[in-house]
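The values are calculated or read from the model by the stated rules, or taken from the named source; none is laboratory data. Worth saying up front: this structure is predicted, and the values here are computed from it rather than measured. So basically every Cβ, Gly included, is an ideal-geometry build from the backbone, and we count neighbours across all protein chains shown. Heavy atoms of the whole protein, side chains included, go into the accessibility calculation; ligands, DNA and RNA do not. Shrake-Rupley method; radii C 1.70, N 1.55, O 1.52, S 1.80 Å.
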Amino acid sequence: MIELPDLVAGVLAAGTLSALALAGGLLRIRRQQTRQRAEIAALRTQLDGSLRAFTAEVEHLADRRVPAAARQVAHPHVPEPGPLQPLTTGTPLGIALENVVLALQSEVAAQRTRVDAAAQAGMRGATREIQAALYRLQDALRGLQQRYDDPELAQTLFRLDHENEQSLRRAQVTAVVCGAWVGLAREESHLVDAVTGGQARLAGYHRVQVHNHLETGTALVSHAVEPVAIIVAELIDNALRHSAPDTDVVVSLQHVHHGVCVTIDDAGLGMTRDERDRAQRLVAGDDPILLTDLGDPPRMGLAAIGRLTRQFDLGVDVSSASPYGGVRAVLRVDSHLLSRLDPADRPPAASAPRTTRKAAADRPVPSHAYGAETGVPEPAPGHHEPTDADGLPQRRRRTRAAAPEESPAHRPAHGPTHGSTHGSTRRPEEAAAALGALQSGTAAARAAVENAGAGGHGSTPAGRNGEPDHTDHTDYIDHTDIEGEAAR
């Protein structure tokens, strides 16, 4: 039997041990709580830092990256800043932010395209009305040219018609850039006529030298005539605008392996590498054309060329330098866009430069015809010989191109000597193509006046030949009559 003191001592020992164990457990729990509080504080500090970093990254995205990404849609050369914290690159946060930027750029590009398409549609509608009004004005001016025979009034009407033609060209180019059709349906025409028709639409047409090295009868299929005329006009206009007014623009037509090339050389300042690359992208027509990319005011010439090259399978290159120090532009017309016309049935226009490939024996001409043209400006070197006289009155720029128009009016006064130069069987067709109804009426009226009395016989021709400005506008009449008759 256990005595009471021993029992009390055992209970006290057990209690002591329990107290010690409980105290140890409490101490461990307190230490754990302290560690947990420290970890929670560290986590809270880390979370606060992450929140601050995320907030700063979002603010950086909104303030810097989003505007730069939107600008980069229109201007790819604008740099886009990266994340504020480079360590976020590749993390879920960094990937999410990059996706935001890409989605923004995609939507901005889509909206920009839709807005530009709406602007182009509005521009097409406005341009269509302008073109219709200009065509009505053109018909009215040519009606006045046929109705009145006063030389001074005729020259005024010619100048107005030329100004109207330039306005028509700008409206047509704007319409083409905005996606409209070229606006004119033509029959098959000699390629040289399309080139001179484009030349005639320009204010500085008298500065253009056209050298024709094509085979006689080289022509364009009907749907390629107007696009080629527009492209040539824009390339020549670009050359005229960016070269000194006392220099010439040289245009050369020649055969190549896959078709025909029209080469345009100017003596301007040329272009920098960036300008040349941008111009080549525009004329290639590979990228979509937006009005907002064409500057203010928009420069639509190269953009119109790009639209036409893509639509009609033509090729234009402006990446080369001209041997005269400026820019060389080359229009390539492939063989499937070429055809052939019989020169006997449908000769080229009287004002078109004659080809250098024509053999002298094919077109015998009296020797006095060459002597009658010796007072005109000197031709391009290497293209003419004395035996090439049949084409000489028709293949000079400026004054030389005026000869076909003046010959009907002068024929009654000068007799067969002058007329014998054009006495071939092609002359009636040339007159119809070059001068049209305007020149027929004018020639008939002047012939009647000259036959009525000797005083009028001498005064009218002298007045025309005595004014160089009249010669320039006469050159324009030849081209524009060809172009106008072809358009009809």
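Points worth noting:
- Being within 22 Å of the chain's Cα centre (by Cα), small (Gly, Ala, Ser) and in a helix (DSSP H, G or I) is a property that does not hold for Ala329.
Conditions tested, residue by residue: (1) at pLDDT 85 or above; (2) closer than 30 Å to Asp287 by Cβ; (3) assigned to a helix (DSSP H, G or I); (4) under 60 Å from the mean Cα position of the chain (by Cα).
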| site | (1), (2), (3), (4) |
| --- | --- |
| Ala9 | no, no, yes, no |
| Leu12 | no, no, yes, no |
| Gln33 | yes, no, yes, no |
| Ile40 | yes, no, yes, no |
| Ala53 | no, no, yes, yes |
| His77 | no, yes, no, yes |
| Gly90 | no, no, no, yes |
| Asn99 | yes, yes, yes, yes |
| Leu102 | yes, yes, yes, yes |
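- Scanning the range 107-156 for residues that are within 22 Å of Val182 (Cβ to Cβ) and touching a residue at least 24 places away in the same chain (Cβ under 8 Å) yields a count of 15.
Results for (1) open to solvent by 10 Å² or more (accessible area, probe 1.4 Å); (2) over 30 Å from Asp116 (Cα atoms), shown as yes or no for each residue.
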position: Leu160; (1), (2): yes, yes
position: Asn164; (1), (2): no, no
position: Thr174; (1), (2): yes, no
position: Val177; (1), (2): no, no
position: Ala180; (1), (2): yes, no
position: Ser189; (1), (2): yes, yes
position: Ala194; (1), (2): no, yes
position: Gly198; (1), (2): no, no
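Every residue, every condition in (1) modelled with pLDDT under 90; (2) over 25 Å from Leu214 (Cα atoms); (3) surrounded by fewer than 21 Cβ atoms within 10 Å (Cβ to Cβ), yes or no:
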site	(1), (2), (3)
Leu269	yes, yes, yes
Pro297	yes, yes, yes
Ala304	no, yes, no
Val318	no, no, no
Ala329	no, no, no
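- In the range 99-114, the residues that are out of contact with any Leu (no Cβ under 9 Å at 6 or more places or on another chain) and open to solvent by 70 Å² or more (accessible area, probe 1.4 Å): Asn99, Leu102, Ser106, Glu107, Gln111, Arg114
- Residue count, the range 287-326 (criterion: part of a helix (DSSP H, G or I) and over 22 Å from Ala244 (Cα atoms)): 13
- Pick from the range 338-374, criterion open to solvent by 80 Å² or more (accessible area, probe 1.4 Å) and modelled with pLDDT under 85, ranking: nearest to Gly197 (Cα to Cα): Arg357
- Filtered residues of the range 282-295 (kept if surrounded by fewer than 13 Cβ atoms within 10 Å (Cβ to Cβ) and at negative phi): Asp286, Asp287, Pro288, Thr292
- Residues in the range 259-283 that are outside any strand (DSSP E or B), out of contact with any helix residue (DSSP H, G or I) (no Cβ under 6 Å at 6 or more places or on another chain) and closer than 30 Å to Ser339 by Cα: 2 in all.
- Scanning the range 310-327 for residues that are under 16 Å from Val195 (Cα atoms) and in contact (Cβ under 8 Å) with a residue 40 or more places away in the chain gives Leu314, Val316.
- Residues that are farther than 30 Å from Glu107 by Cβ and either of a type in the set (A, V, I, L, M) or surrounded by fewer than 10 Cβ atoms within 10 Å (Cβ to Cβ) (or both) within the range 36-69 comprise Ala38, Ile40, Ala41, Ala42, Leu43, Leu47, listed in sequence order.
- Qualifying residue in the range 191-198 (condition: modelled with pLDDT under 90 and either over 17 Å from Ala349 (Cβ atoms) or out of contact with any Ser or Thr (no Cβ under 7 Å at 6 or more places or on another chain) (or both)): yes
- Scanning the range 200-226 for residues that are assigned to a helix (DSSP H, G or I) and surrounded by 24 or more Cβ atoms within 10 Å (Cβ to Cβ) gives Tyr205, Ala224, Val225, Glu226.
- For the range 231-272, a residue qualifies if it is free of Cβ contacts under 8 Å to residues at least 60 places away in the same chain and under 21 Å from Gly315 (Cβ atoms), and the qualifying residues are Ile236, Val249, Val251, Ser252, Gln254, His255, His257, Met271.
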